[in-house]
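What follows is calculated from the coordinates using simple rules that are stated; it is not laboratory data. Quantities reported herein were computed from a predicted structural model and do not represent experimental measurements. Every residue, glycine as well, gets a Cβ built from its backbone with ideal geometry; the counts of neighbours run over all protein chains shown.
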């Protein structure tokens, strides 16, 4: 098995970062950890700890804010708990889950490693860094505990996995497109400048990119509901809207799939 790992560090607009990446059999994944004003945002993946741990060791921070519980964002949290005095904050919904041994499919452990248990404090509605007040914005959809962080002094918005790309083609089974649309609409009510994504990095013209993603998903939602009304099954809708089979679908044994986009829209509609 040939697995390629790499990382690069840098700084953009006053925000330091480390980006770790892993590639295997045509599937390439990456994740960022950000450092700004004494705040570490997300901790990287355990499978890439040889890159993230030195970044953490050299970083000057007072607190750790985690956007959501997924293992590529929490993978080095246990290392921080063991080596630093800084408190770790996570949404209340998944604090207990993260105190336990990692429980997710084997392919995710292969890519991101086994996230070790760690202890976090409940995420506040706002928090203070050295020179700024931050707003914590609930943004569920990708994960039930997902939050974005807005630096009210600089206008920098850290969106976790809310953005990732403008045109979503595959999602996790538990994701909800309607919830993601609502979360995008929520963050767009705020004033912000830079957008830092946990997978895309600094997003050029971030507000416009988030607006385009919302508009794409709203249009996609309408197309799905129109096809459903015409009598198409979710699988038939998937074949019409997403005919391409992405490598991650097979590799994840369907945990990632375009079909989940369709079913999340159809299932919410059926519950209204």
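Brief remarks on what is shown
- Flag for residue 189 being surrounded by fewer than 20 Cβ atoms within 10 Å (Cβ to Cβ), out of contact with any helix residue (DSSP H, G or I) (no Cβ under 8 Å at 6 or more places or on another chain), without any contact (Cβ under 8 Å) to a residue 12 or more places away in the chain and not in a loop (DSSP other than H, G, I, E, B): no
- Every residue from the stretch 100-134 that is crowded, with 17+ Cβ neighbours inside 10 Å and out of contact with any helix residue (DSSP H, G or I) (no Cβ under 6 Å at 6 or more places or on another chain): 102, 108, 111, 123, 129, 132, 134
- Filter result (exposed (fewer than 13 other Cβ atoms within 10 Å of the Cβ) and under 21 Å from residue 164 (Cα atoms)) within the stretch 206-242: 208, 219
- Of the helices (runs of 4 or more DSSP H) lying entirely inside the stretch 1-92, the ones with 3 or more residues being out of contact with any helix residue (DSSP H, G or I) (no Cβ under 6 Å at 6 or more places or on another chain) are found at 49-58, 77-83.
- As a summary of the residue check, residue 97 satisfies the conditions (1) surrounded by 17 or more Cβ atoms within 10 Å (Cβ to Cβ); (2) out of contact with any helix residue (DSSP H, G or I) (no Cβ under 8 Å at 6 or more places or on another chain) except for the one numbered (1).
- The residues on offer are 258, 176, 198, and the sole one that is under 27 Å from residue 41 (Cβ atoms), crowded, with 20+ Cβ neighbours inside 10 Å and in contact with a strand residue (DSSP E or B) (Cβ under 9 Å, 6 or more places away or on another chain) is 198.
- Residue count for the stretch 123-144, restricted to those that are within 27 Å of residue 176 (Cα to Cα) and touching a strand residue (DSSP E or B) at 6+ places or on another chain (Cβ under 7 Å): 10
- Restricting attention to the stretch 123-167, the residues that are within 21 Å of residue 75 (Cβ to Cβ) and assigned to a strand (DSSP E or B) add up to 6.
- Which numbered condition residue 253 fails, given (1) in contact (Cβ under 8 Å) with a residue 60 or more places away in the chain; (2) loosely packed, with under 14 Cβ neighbours inside 10 Å; (3) within 29 Å of residue 186 (Cβ to Cβ): (3)
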